[in-house]
Each structure stands twice: as C-alpha cells, then as structure tokens.
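Structure, as structure tokens:
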Amino acid sequence: MITQTKETQAALTPDAAISLLKEGNDRFVSSKMIERDFIKQVEQTATGQYPFATILSCIDSRVSAELVFDQGVGDVFSVRVAGNIVNEDLLGSMEFACKLAGTKLIVVLGHTSCGAVKGACDDAKMGNLTLLLSRIRAAVDAVPEPSDPATRTSKNSEFVDAVAEKNVTLTIENIKQRSTVLRDMEEYGEIKIVGAMYNIADGKIHWM
C-alpha cells in the first residue's frame, strides 16, 4: 500500500497515471484489490493531499471511482454529478485539482445503462433535473442511429449506451472549450484529458 506523497505525485506522468488506473481496474475486476489500512492513510494525508488523477463520473451508486479503480485515501479527486456533465462549478473544481493540487490526469467516466442519459433520451422534465438533462441532449442528437423516433428512447439499451459514450466525448470537448486553464495544461503536456466507459454488468472499464 502506497499513500501518495508530493514526491510520488511529482514523479508521475499523465501516461503513468493512466496506467495506475488501468491496473487498479484490472485488480477490481479480478477481485485482487490491494489491502489497505484506510485509517493509516487518513493519518498520512491529514497534513496534505497529493492525488494523481481527477475523475469526473456519474453519481450512480454502482460507479464509485475509488472502488472501480481500486484507489485509496488521497489517490484521486472524485467529481460526481448525474450524467458526468460539466458546468462552471465543476470546471472550477477540476482547475483546482490540476493547477493547484497537481493531478496529472482528468478522466471523464461514463457508464452503461445511465439513468441520466435515459432521462435525456426520453426528454424527461422534473424540477431542477430538467436543466441538467438538457445538457445531455446534445449527445442524444449527435447519435444518428436509429433514426426511428420510436426506438430512440430509454427502452433501447444500445442507443442509451451510444449516447452515454457520445456524452463523454462531448464533455471532454466542453472542458477544453470552456477552461483555458485545463486546455493549456494539456497542450503543454502537464495533464491529459481522456474518456472511459464503465460496464455495470462486469466492472470493466473501456478506455476511449
């Protein structure tokens, strides 16, 4: 068990950070997760935190970033919102994570059978959720097939998953367009911004 320090964080490259997450998901899928003393890690991180990655994921209870990537206390910033979309507050949080706290990677993590995506496919309306789902509608419109409106609904699992993947791509584009801080950091090679999809049926993560 290694708790991230200023030195270990600084030594990592964006590609190395991706490798750590890939290895973690392999352990998760094979039920070989690292045995950690979480209370010890709490003590070790009490005076500072040095995460190596920032993960923007959905609030879905089945998609906890720390679990599916097999990470411990102080390893990753976990940014969660239904449909893994971005707004000014989330962009500011990720700018803090990368520019000030030193993470080397942003992962936009979508997942199969996403409830928020299903709601967007059905153009659902309910309170404040209406605005959130409207942010996913661009992904719905960007998936051309099937063309029959009757099959472009939450009942079509293949369509839902295609929209979820497109939503990851559009979210990444959104991050780069709306945050000069993060875009510049990626251009200078300080960070990478990548997408991935989590399969809720088998726990595997597909990197895009």
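Data table
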read-out: Cα gyration tensor of the chain - equivalent ellipsoid semi-axes, whole Å, descending; value: 31, 19, 15
read-out: Relative contact order of the stretch 79-208, defined on C-alpha pairs under 8 angstrom at six or more residues apart (%); value: 34 percent
read-out: Length released on extending from VAL29 to ARG62, taking residue separation times 0.36 nm less the Cα-Cα span; value: 10.5 nm
read-out: For LYS192, residues with placed amide H under 5 Å, excluding near neighbours; value: LEU105, ILE106
read-out: Residue-wise HN-Hα coupling along the stretch 88-99, computed from phi with Karplus coefficients 6.51, -1.76, 1.60 (Hz; x: Gly, Pro); value: 4, 5, 6, 4, x, 5, 6, 5, 4, 4, 8, 6
read-out: Between 0 and 90°, nearest 10: helix 157-178 axis offset from the chain longest Cα axis; value: 60 degrees
read-out: Ranked list, fewest to most other Cβ atoms within 10 Å of each Cβ, for HIS206, HIS111; value: HIS206, HIS111
read-out: Å³ per residue enclosed by the Cα convex hull of the stretch 1-108; value: 102 Å³
read-out: Among 189-195, 179-185, the order from most to least packed when residues are scored by Cβ within 10 Å on average; value: 189-195, 179-185
read-out: For the chain, size of Cβ-based charge dipole, Lys and Arg +1, Asp and Glu -1, in debye; value: 240 debye
read-out: Pairs of lysine residues in the chain - Cα separation under 18 Å, sequence separation of 8 or more or cross-chain; value: 18
read-out: Antiparallel %, DSSP beta bridges [both residues in the chain], to 5; value: 15 percent
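Every number here is computed from the coordinates shown, using simple stated rules; none is lab data. The model shown is predicted, which means the values in this text are computed figures rather than measured ones. Note: ideal-geometry Cβ built from the backbone for every residue, glycine included; neighbour counts use all protein chains shown.
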